[in-house]
Each structure stands twice: as C-alpha cells, then as structure tokens.
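Undergrad: This is the structure I want to talk about, given as structure tokens.
No lab work stands behind these numbers, since they all come straight from the coordinates. From a predicted model like this one, the values you see are computed outputs, not experimental measurements. Note that we place each Cβ from the backbone using ideal geometry, even for glycine, and neighbour counts take in every protein chain shown.
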Amino acid sequence: MSVFALVDCNSFFCSCEKVFRPDLKNKPVIVLSNNDGCAVARTNEAKALGIKMGVPYFKIKHIVKAHKVTTFSSNFALYADMSQRVMQTLREFSPQMEVYSIDEAFLSFNGMERMDLTKYSHEIKNTVYRYTGIPVSIGIARTKVLAKMANYLAKKHNNLNNVLDLTNPTLLERALKATPVSEIWGVGQKSASKLNSLNINTAWELKNSNPKVIKKHLHLPGERVLRELNEESCIHLDCDEVGRKQILSSRSFGRPVNALDELTQAVSMHTTRVCEKLRRQNSVAQKLTVFLQTNPHKNEPQYYNSKTVHLTSSANSTNILLKNASQALRSIYKKGYLFKKCGVYVSDLSPLKQQQLSLFDSPKQNEKQKNLMLAVDKINAQNGRDTIKLASCGLEQKWGMRSTMRSPAFTTKWHELLNVT
Ligand SMILES: [Mg+2]
C-alpha cells in the first residue's frame with residue numbers, strides 16, 4: 001500500500017518576508033497580490049484580526065492602520081527562490097516527489113511504513129526550517145486526498161505541532177468525523193451543497209455512503225474522492241514536470257496602456273519568459289497565442305482580442321517566437337483603447353528531441369539559434385534575469401507592475417543582500 005506525505009509551507013509568502021525581518025516574529029503580516037490589489041497571504045496573527053483571504057486592500061486599510069499590520073507587495077523573485085530552496089531540501093527525504101505548487105509538495109513514503117513516520121516528518125520539518133527559515137506542516141496518509149486532510153488538521157490544531165499521521169486507524173476515524181465535506185480536497189462548493197442536501201455532512205459520512213449514489217450525483221470525480229477516503233489510492237504522484245500542456249505569461253499593467261510600442265515591449269517580455277520556460281523543460285511549441293484586453297470593470301470602450309499563430313516548425317527560440325508574437329500583436333491592436341492586460345501563451349508542446357523541422361528549414365540555421373539561446377540562458381542564469389535581452393523588450397519599462405511596498409530581492413540580487421549592522 002502507498003503512503004503519501006503532503007508538505008505545505010505555513011503562510012508561505014509571509015514566511016518568506018519574515019525570514020529577513022526577525023522583528024516581525026508573532027506580529028500580523030500580509031502580502032498583497034499584483035498591483036497591490038488584494039491580500040493573498042496572511043500570518044495567523046493577521047487572520048485573527050479578521051483579514052480574509054483575497055479581500056481588496058482598500059477594504060482592510062483601517063484594520064492595517066489600527067493594528068499596525070506590516071504589509072508587503074508581492075516579491076515573486078524572493079518567493080520563487082525560497083520555494084526552490086525548500087523543494088531542494090525536501091528531495092533529500094524521499095526518492096519520489098511531486099512539486100504541487102510554489103509552497104506544496106507530495107512526497108512518497110512508500111516502503112517506509114516500519115519507520116516512525118511522525119518522527120521522520122518532524123525531522124523533515126526541522127531541517128527545512130533550519131536550512132531555509134520556512135515553517136512547514138506535514139500530513140501523512142495512504143492517499144493524496146487523506147494526506148491533504150491530515151495537513152489541514154495539522155495546521156489547524158496547535159497540539160499536533162504541525163505533523164499528523166493518518167495511517168493510524170484511530171486517528172483517521174477521528175479526523176474523518178471532524179472534517180466537513182466542504183474541506184475535502186476535490187470537493188467544490190457546489191458538490192459540498194449537494195452532499196449536504198443528501199444529509200452527508202462530514203468526511204466520515206461520505207466515506208460510508210453508497211458509491212452508486214455518489215457517482216450519480218457527483219460523477220466520476222466524486223466517486224474517486226470516495227475511494228480515496230477509503231484508503232484506495234487513485235490519484236498518483238505526478239513526478240513528470242515536463243508534461244505541461246501549455247505555458248502562459250501575462251500580467252496586468254500598473255496603469256492603462258494604449259501605445260503600440262509599449263504593448264510590443266510587454267508582449268516581448270512575456271514571449272521571452274515563455275521561451276525561457278520552454279527551454280528549461282526541453283520542449284518546443286507549435287502554436288503561439290497573443291491576447292490583449294481593456295479593463296472590464298471600467299466604464300470605458302471595451303475591446304478584447306487574441307490571435308493564434310501556427311509556427312511553420314515547432315520552436316523555443318526567443319528570436320523566432322518574438323517575430324511571430326509582434327506580428328500577431330499588430331494584427332489585433334486597435335487604437336483608442338486603454339488596455340489593462342496582455343499576455344502570451346504557447347501550446348502544442350513536444351519534447352525537443354522530437355522537433356519537426358519544416359521542409360525549408362536549414363538544420364544549420366536551427367543549430368545556430370540553439371547555441372545562441374544556450375549562451376543567452378547561461379549568461380542570464382549567472383548574472384541575473386534580463387542581463388541580456390532582445391531590444392524589443394525595451395530598456396525602461398514604464399508599464400510595469402505597481403508594487404510600492406516590495407521587499408528587496410534578498411536572495412537573488414547581489415546589491416539587495418541583507419545588511420546587518
Ligand atoms: Mg501554504
């Protein structure tokens with residue numbers, strides 16, 4: 001039988017900020033989304049003040065002021081780097097791991113059943129904290145759905161000290177009885193209401209319900225959750241990080257943008273990011289899509305359009321994709337609108353090894369492109385993102401994100417290293 005551990009960082013973005021601000025220990029801290037819009041991370045102290053997830057900043061400004069809540073703009077360079085450190089540390093503890101999101105990973109504990117898994121998880125937790133400064137919670141169980149539940153409870157109940165092992169049948173029964181169906185992984189708000197109307201309110205009641213009834217109302221996904229609650233593993237570990245079907249880069253502008261050359265800069269930047277990701281995972285794309293849109297929440301003339309280009313041969317070179325992206329942008333651009341957002345995504349991905357060249361492509365030219373991109377990636381990896389970039393990305397990006405309270409990139413930029421005085 002399989003055993004999974006779900007490791008989840010506690011209030012991840014806030015914890016990253018607190019690593020470099022020890023003075024914020026036990027203080028309320030929040031992190032805001034792109035353009036300082038909404039609260040997307042909160043420490044327990046901030047939650048206790050009634051600050052809800054995703055609430056717009058202007059609605060909580062009075063709480064922030066009254067209780068001296070320390071507020072940060074998103075600093076994704078910092079979070080991505082800290083995430084990598086956490087994941088790297090976790091890899092030492094299991095041969096198989098799935099990075100599920102920026103702050104969560106599933107580890108396989110298969111074959112370790114004879115060990116004291118609670119003790120082992122405390123060791124993982126303490127090591128991650130010692131190496132990175134990030135606190136984590138760990139839930140252990142025979143299926144992913146149950147590991148998620150274990151994690152949820154490990155975070156919620158202080159006496160568990162952030163680790164809960166639900167391979168123990170007594171604890172499992174208690175946990176299932178204490179968990180409402182709305183808190184089960186894979187059960188959305190609509191399914192939860194449906195279950196409640198069938199008088200199924202707890203995970204325990206769902207586990208013991210008739211599979212035929214569940215399948216009738218919640219279809220296959222519901223049946224799968226039911227089986228997972230019964231310790232039958234259906235959702236396997238996805239260790240294959242190459243298999244992503246599409247890659248997207250998009251962002252809202254810090255202010256409305258209407259000039260074509262500014263949009264071209266933004267589209268160039270997004271294309272560059274997308275190509276970097278393609279090359280990092282050794283794949284090539286056949287299709288490229290560019291889109292732009294006005295702000296639907298404003299009482300202004302509205303326009304949305306997108307253009308998909310089928311490349312003559314699949315590619316991951318920034319040069320080639322940029323040419324196509326800027327042509328696509330020109331074909332959908334219209335004067336006189338205030339644009340709020342634009343983006344680029346690629347689809348129809350395949351591994352680089354299977355790259356199809358079109359009849360008229362020269363293999364020599366292709367090789368040259370590949371070497372050029374290798375050199376660019378290497379220089380940027382050593383000296384920081386965008387040390388070398390194509391001129392169309394612009395030297396001064398006036399349209400960038402608004403983030404007035406962003407902390408320094410402590411771990412990724414030499415000139416922003418933490419000063420200790
Ligand atoms: Mg988390």
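Undergrad: In whole Hz, what ³J(HN,Hα) sequence does the range 219-226 give by Karplus (6.51, -1.76, 1.60; θ = phi - 60°), x for Gly and Pro?
TA: Karplus values, whole Hz, x for Gly and Pro: 6, 4, x, x, 5, 5, 4, 4.
Undergrad: Over the range 1-178, what is the mean sequence separation of C-alpha contacts under 8 Å (at least six apart), divided by residue count, expressed as relative contact order in percent?
TA: 28
Undergrad: Let me ask something else. Nearest 5 is fine: what % of DSSP beta bridges in the range 1-178 come out antiparallel, could you say?
TA: Roughly 75 percent of the beta bridges in the range 1-178 run antiparallel, per DSSP.
Undergrad: In Å, what is the Rg of the alpha-carbon atoms in the chain, and how long is Dmax?
TA: In Å, with Rg to one decimal and Dmax whole: 24.2, 68.
Undergrad: Relative contact order for the chain using alpha-carbon pairs under 8 Å, separation at least 6, rounded to a whole percent?
TA: 16
Undergrad: While we're looking at this one, here's another question. How big, in percent, is the set of alpha carbon pairs in the range 188-320 lying more than 25 Å apart?
TA: It works out to 56 percent of all Cα pairs.
Undergrad: Build a GNM of the chain with springs between Cα atoms under 10 Å: which of M112, M97, M269 gets the top mean-square fluctuation?
TA: M112
Undergrad: With θ set to phi - 60°, apply the Karplus curve 6.51 cos²θ - 1.76 cosθ + 1.60 along the range 253-260 and write out the HN-Hα couplings as whole Hz, x wherever there is a Gly or Pro.
TA: With coefficients 6.51, -1.76 and 1.60, one gets 7, x, 8, x, 10, 10, 7, 4 Hz.
Undergrad: What order, most packed first, do the peptides 272-284, 325-337 have when packing is the mean number of other Cβ atoms within 10 Å of each residue?
TA: Result, highest mean first: 272-284, 325-337.
Undergrad: Moving to a separate point now. For the range 51-63, what does the Karplus curve 6.51 cos²θ - 1.76 cosθ + 1.60, with θ = phi - 60°, yield as ³J(HN,Hα) per residue in whole Hz, taken in order and with x for Gly and Pro?
TA: Computed from phi, the couplings for the range 51-63 are 7, 8, 5, x, 6, x, 4, 5, 7, 10, 4, 5, 5 Hz.
Undergrad: Further question: Testing the spin-label approximation: label points 7 Å from Cα along Cα→Cβ at V19 and H415. State their distance in nm.
TA: That separation, rounded to one decimal, is 2.3 nm.
Undergrad: So what is the calculated 222 nm ellipticity per residue for the chain, using -39500 (n - 2.57) for each DSSP H run with n of 4 or more, over all residues, to the nearest 500 deg cm²/dmol?
TA: Dividing the helical sum by the residues of the chain leaves -12500 deg cm²/dmol.
Undergrad: Percent relative contact order of the range 247-393, based on C-alpha pairs within less than 8 angstrom and at least six residues apart?
TA: Contact order relative to length: 34 percent.
Undergrad: If all Cα-Cα distances of the range 159-242 are sorted into 10 Å bins from 0 onward, what percent lands in each bin, rounded to whole numbers?
TA: Per 10 Å bin, starting at 0, the Cα pair percentages come out as 16, 48, 27, 9, 0.
Undergrad: Give the Cα extents of the range 247-393 along the principal axes, in whole Å, largest first.
TA: Projected onto the principal axes, the Cα atoms of the range 247-393 cover 51, 36, 21 Å.
Undergrad: Collect residues whose amide H, placed 1.01 Å from N in the peptide plane, falls under 5 Å from the amide H of R251; neighbours closer than 5 in sequence don't count.
TA: Excluding prolines and chain starts, which carry no amide H, the hits are C342.
Undergrad: Given the options K364, K287, K148, state which has the largest fluctuation in a GNM of the chain using a 10 Å cut-off (strictly under) for Cα springs.
TA: Among K364, K287, K148, the largest mean-square fluctuation in the Gaussian network model of the chain belongs to K364.
Undergrad: Within 12 Å, Cβ to Cβ, of F106, how many net charges do the neighbouring residues add up to if Lys/Arg are +1 and Asp/Glu are -1?
TA: -2
Undergrad: Residues with amide H under 5 Å of S2's amide H, sequence separation 5 or more or different chain, H placed in the peptide plane at 1.01 Å from N; which?
TA: none
Undergrad: Here's something else I'd like to know. Could you pull out the pairs from K61/K177; K335/K364; K215/K287; K370/K413 whose alpha carbons sit more than 32 Å apart here?
TA: Those over the limit are K61/K177; K335/K364; K215/K287.
Undergrad: Report the local net charge at T179: Lys and Arg +1, Asp and Glu -1, summed over other residues whose C-beta lies under 14 Å from its C-beta.
TA: +2
Undergrad: Further question on the same structure: For the chain, set up a Gaussian network in which alpha carbons nearer than 10 Å are linked by springs, and say which option among N299, N75, N44 fluctuates the most.
TA: Result for the chain, Cα springs under 10 Å: N299 fluctuates most.
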